[in-house]
Amino acid sequence: MTMDITKNDLGIEYKATENIVDDACLIIDSAQEYAYRSINTALVLRNWLLGKRISEEVLRGKERADYGEKIIKDLSKELTTKYGKGFDKTALYRYMDFFSTFPQIVASLWQQSKRILSWSHYKILIGVHDDKARVWYENEALNEMWSVRTLERNVYSQYYFRLLNSQGTELNNYKGKHAAKEKNNKLEFIKNPMTLEFLNIPSQSSYHETDIESFIIDNLQKFLIELGKGYAFVARQQHIQTEKEDYYIDLVFYNYILKCFVLVDLKTKKITHQDVGQMDMYVRMYDELKRLPEDNPTIGIVLCSETDEDIARYSVLSDNKQLYASKYIAYMPTNEELKREIEVQKSIYQMNKRK
């Protein structure tokens, strides 16, 4: 007979069942999870306190230009001799940066008012010099439970700035009383450009839309992360039948935050007005034939290898808030390349949605 799950003072779960192996595994797994959390908290706290103490010492000698460097050098030597790896000069400077970048972390821990990330997460966040971007990445990593690798990729691929520049306003986090207002801003869910290096799209120009579709399905979890929060996969080549014709939509997703379906049409070439017209028709048909009464209006995204200013300005894209065009990049560009591309797409988006 199964008993209720209990948790002792150490935070280790215990569930008595008739299967001793399952019970033992639960105890061990929960103990390991608790130990990991405890070790991580202690490591974050240790590095923050070291950064604070070193910073205070360096400030004492602010009259001498070389005082800080000497303190770091001598302390690194002493700590490495006594404790081994993890205390070289680079590490000590990083601890100082950690203290100056996140001055409130320890207060939050003591007040038990905030969860914290792992030290590996914070090492990445220290390198984000824009304050608003760093706070946004930290909150998203906490709320969406990003792995270290996911956070690293999102920072490197300018996730925040791709969203920010596509809408020209400050990004939000979806919690509490602001949720209703925030979810109305669809542009926070549509990045432009999208970086799809994980699809390993071949460099030659002979691949087709169906190839990209297959690449996406094979890498669906990564593609969902690149799309953004709230996306769930619905269908591939979804069939829509009217009285006269059969139609097939490349990819269909549902966004449970926006509470609407999102249609994606894949194009390996530069976007055309025919592509926009086709997506406009798909969205209208989907709203009439598939959308449920409780769903919000369907969104259509033409995901293409190149966007176009004239189409953004003069086609139905310019005044239809349900239609979007996003460029995909098949490789991970350098930061400078990506920044330039973001600015190009920003101008197109502003032209696209100025109304």
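Here, each number is a calculation from the coordinates, and none is a lab measurement. Since the model is a prediction, treat every value here as computed from it, not as a measurement. Using ideal geometry, Cβ is built from the backbone for each residue, glycine included, and neighbour counts are taken over all protein chains shown.
Assorted remarks:
- Cα-based shape type of region 205-279, given that a ≥ b ≥ c are square roots of the gyration tensor eigenvalues and the cut on a/c is 1.5: oblate
- Approximating the spin labels as points 7 Å out from Cα along Cα→Cβ, the residue 23-to-residue 106 distance works out to 4.4 nm.
- Of all beta bridges that DSSP places with both ends in region 189-311, some 70 percent have antiparallel geometry.
- In a DSSP loop and with at most 10 other Cβ atoms within 10 Å, the GluC sites (Glu not before Pro) in region 225-260 are 243, 245.
- Förster radius 45 Å - calculated FRET efficiency between residue 71 and residue 33, Cβ distance, rounded to 0.05: 0.75
- In terms of its C-alpha gyration tensor, region 159-352 has a rounded overall shape, because the principal axis ratio a/c (a ≥ b ≥ c, square roots of the eigenvalues) stays below 1.5.
- Evaluating 6.51 cos²θ - 1.76 cosθ + 1.60 at θ = phi - 60° for every residue in region 70-82, the Karplus couplings come out as 5, 4, 4, 4, 5, 5, 4, 5, 5, 5, 5, 4, 8 Hz, glycine and proline recorded as x.
- ³J(HN,Hα) computed for each position of region 144-158 - Karplus, 6.51 cos²θ - 1.76 cosθ + 1.60, integer Hz, glycine/proline x: 9, 6, 5, 6, 4, 5, 5, 4, 4, 5, 5, 5, 5, 8, 6
- Extension gain from residue 289 to residue 206, taking 0.36 nm per residue of separation minus the Cα-Cα distance: 26.4 nm
- Where chymotrypsin sites (Phe, Trp or Tyr not before Pro) fall in DSSP loop in region 207-260, at most 15 other Cβ within 10 Å: 207, 256
- Among 252, 334, 312 the positive-end extreme of the charge dipole of region 242-343 (Cβ point charges): 334
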